[in-house]
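Single-structure report; data block below.
No value in this document is a laboratory result; all are computed from the given coordinates. Please read these numbers as outputs of a predicted model, since none were measured by experiment. So basically every Cβ, Gly included, is an ideal-geometry build from the backbone, and we count neighbours across all protein chains shown.
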Amino acid sequence: MAVKAPKVTAPRLSPVTLADLREDPAPDFQRGERYDGVRYSRAAADGLELSGTDFAECEFDGVSFNDAQLRGATFRDCILSELYAPVFRAARSTWRDVQLNNPRLGSAELYESGWQSVRIDGGKLDFLNLRGAKLTDVVISDCIINELDLGSAAGARVALKNCTIGTLDLTGARLKNFDLRGTDFRTISGLGSLAGVVIDDYQLSLLAPLLAGHLGVVVL
């Protein structure tokens, strides 16, 4: 009797549609303020203290947030294109119905953040720290990530498509429908937390020696 293949549930993304945005060529961002329906182009928010700031239905094009403090900030119904920050500090931030196009981030400190219906398309991130984060309905595609830390994170309906990852850490992660098919990774840690991860045959062949070592299996 044939064994029925388990069903993989794909991420459910809400489209981000922005209309009637007003332009702000020289924004004066302030900590804890709320910004609605604004388009920011080639603006610089480097080094600003923006903890708890709320952005809703905003578009960011080529904005630099290098070393800005975005701890606890919220981005809702936003599109961010060409986001730039060698140091991106947004721990415990909230991202809901957000699209990021071709971001360029060095150290992205997003630990204990919450992501729901988020898409990242393209770009390069040196270090993406999502330790302890909660990810629901997330797609990351065609992206280069040198180091991805998902330690102790919770992820449901997450897909990484055609990405290149150097080091992937899943230690203590709780995952369901976490789809890695088509993504290349050089090293992976946290093999005991692979439950809920979806891989293809080729990825399984690469993981086989690591899994054997983890389980104490001797292959002769």
**Request:** Quote to one decimal, in nm, the extra length available between Thr164 and Arg42 on full extension: 0.36 nm per residue of separation minus the C-alpha distance between them.
**Result:** 41.1 nm
**Item:** Charge dipole (the stretch 1-56, unit charges on Cβ, about Cα centre) - positive-most of Leu18, Gln30, Leu48
**Value:** Leu18
**Rounded to 10°, Cα long-axis angle of helix 201-215 versus longest principal axis of the chain** = 70 degrees
**Request:** Per DSSP H run of n ≥ 4, the term is -39500 (n - 2.57); total these for the chain, divide by its residue number, and report the mean residue ellipticity at 222 nm rounded to 500 deg cm²/dmol.
**Result:** -2000 deg cm²/dmol
**Fill in**
Taking the chain, the lysine pairs whose C-alpha atoms sit under 17 Å apart (8 or more places apart or on different chains) add up to 4
**Item:** Backbone HN-Hα couplings from phi across the stretch 133-142 [Karplus 6.51/-1.76/1.60, Hz, Gly and Pro as x]
**Value:** 7, 10, 10, 9, 6, 10, 10, 10, 10, 6
**Request:** State whether the stretch 73-166 is rounded, prolate or oblate according to the following rule on the C-alpha gyration tensor (a ≥ b ≥ c being the square roots of its eigenvalues): a/c under 1.5 gives rounded; otherwise a/b larger than b/c gives prolate, and the remaining case gives oblate.
**Result:** rounded
**Item:** From the coordinates shown, semi-axes √(5λ) of the Cα gyration tensor in Å corresponds to which of (1) 36, 21, 14; (2) 35, 18, 14; (3) 25, 24, 15
**Value:** (2)
**Request:** Could you grab the relative contact order for the stretch 1-81? Cα pairs under 8 Å, six or more apart, rounded to a whole percent.
**Result:** 27 percent
**Request:** Mind jotting down the distance between the C-alpha centroids of the stretch 125-197 and the stretch 40-81, whole Å?
**Result:** 24 Å
**Prompt:** Residue by residue, what Karplus-based ³J(HN,Hα) values in Hz, rounded to whole numbers, does the stretch 64-78 have, using 6.51, -1.76 and 1.60 with θ = phi - 60° and x for Gly and Pro?
**Reply:** 9, 10, 4, 6, 6, 9, 10, 4, x, 6, 10, 10, 10, 6, 10
**Message:** Under a crude label model (7 Å from the Cα following the beta-carbon direction), how far is Leu204 from Asn146 in nanometres?
**Reply:** 3.4 nm
**Fill in**
Computed for the stretch 27-213: size of charge dipole around the Cα centre, +1 on C-beta of each Lys and Arg, -1 on C-beta of each Asp and Glu, debye to nearest 20, value 440 debye
**Message:** Given contacts defined as C-alpha pairs under 8 Å and at least six residues apart, what's the relative contact order of the chain, whole-number percent?
**Reply:** 12 percent
**Spacing of the two label points (7 Å from each Cα toward its C-beta) at Arg174 and Ser14, in nm** = 2.4 nm
**Fill in**
Here the stretch 52-59 yields Karplus 3J(HN,Hα) values (6.51, -1.76, 1.60; θ = phi - 60°; whole Hz; Gly and Pro given as x) of x, 6, 10, 10, 10, 6, 10, 10
**Prompt:** Can you put Thr17, Thr183, Thr53, Thr136 in order, fewest other beta carbons within 10 Å first?
**Reply:** Thr17, Thr136, Thr183, Thr53
